[in-house]
Amino acid sequence: MDGNGEMNDDQKALEVLKILIEDERHYRAMVQTRLSFHTGMVLALIGLVGALFLRAENALDFFGIGLFGPLIAWIASGASGSIRRLYTHFLETIRAREEIEAALGIRNIRLERTRQRATADDILPVGSAPKEEKYWPYKELFCGSWLPTDRTPGYFSRTQKLFGRFRWIGWGILALLWTIALGRSLTG
């Protein structure tokens with residue numbers, strides 16, 4: 001702070017950086033909680049469908065149980081959209097953090113972009129410390145699995161595939177059980 005008690009530009013940027021790091025952690029945690037909640041809900045419904053399937057006796061039972069399929073697909077679609085929005089905010093936060101870190105000389109974003117991933121080795125130290133002495137207190141934020149690279153599809157892509165499969169399972173449950181219901185109603 002200067003003599004008037006005001007922060008200079010670097011101090012303001014550091015304060016914004018702290019906020020962005022907390023936002024990044026928040027969005028990461030929100031993705032995890034939504035993923036856990038929706039996955040748990042879908043798996044519980046699939047388990048319920050399996051238990052009811054074993055106890056079903058007539059065509060109406062199979063028809064009713066089949067209605068859980070669209071519910072599973074609907075929950076999976078909602079979860080997919082929810083995680084997509086959170087992931088978009090997460091990427092916006094990362095982008096803003098990168099810009100501030102580059103302006104402060106903490107990271108070399110151009111080097112990171114050429115490698116197409118963020119790793120702790122790409123972070124430039126404040127000052128001129130040798131490469132072996134680099135230090136970054138937020139190393140856990142540079143999890144390469146969150147961003148797609150040439151080697152992995154990225155965490156977001158995996159969650160989208162998971163919920164896409166849950167949608168297919170939901171519609172498959174509907175088709176299978178209604179086929180069974182139709183067969184039972186036609187045979188007697």
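Quick notes on this structure:
- Additional length obtainable on full extension of the chain from MET7 to LEU48, 0.36 nm per residue less Cα span: 8.9 nm
- Neighbour counts of other Cβ atoms within 10 Å put GLU6, GLU99 in the fewest-to-most order GLU6, GLU99.
- Proximal charge balance of GLY183 [Cβ under 15 Å; K/R count +1, D/E count -1]: -1
- Potential lengthening of the chain between TRP171 and THR33 amounts to 47.2 nm, from the contour at 0.36 nm per residue minus the alpha-carbon distance.
Values in this text are rule-based calculations from the coordinates and carry no lab data. Just so it is clear, the model here is predicted, and its values are computed rather than measured. Virtual Cβ from ideal backbone geometry, glycine too; neighbours counted across all protein chains shown.
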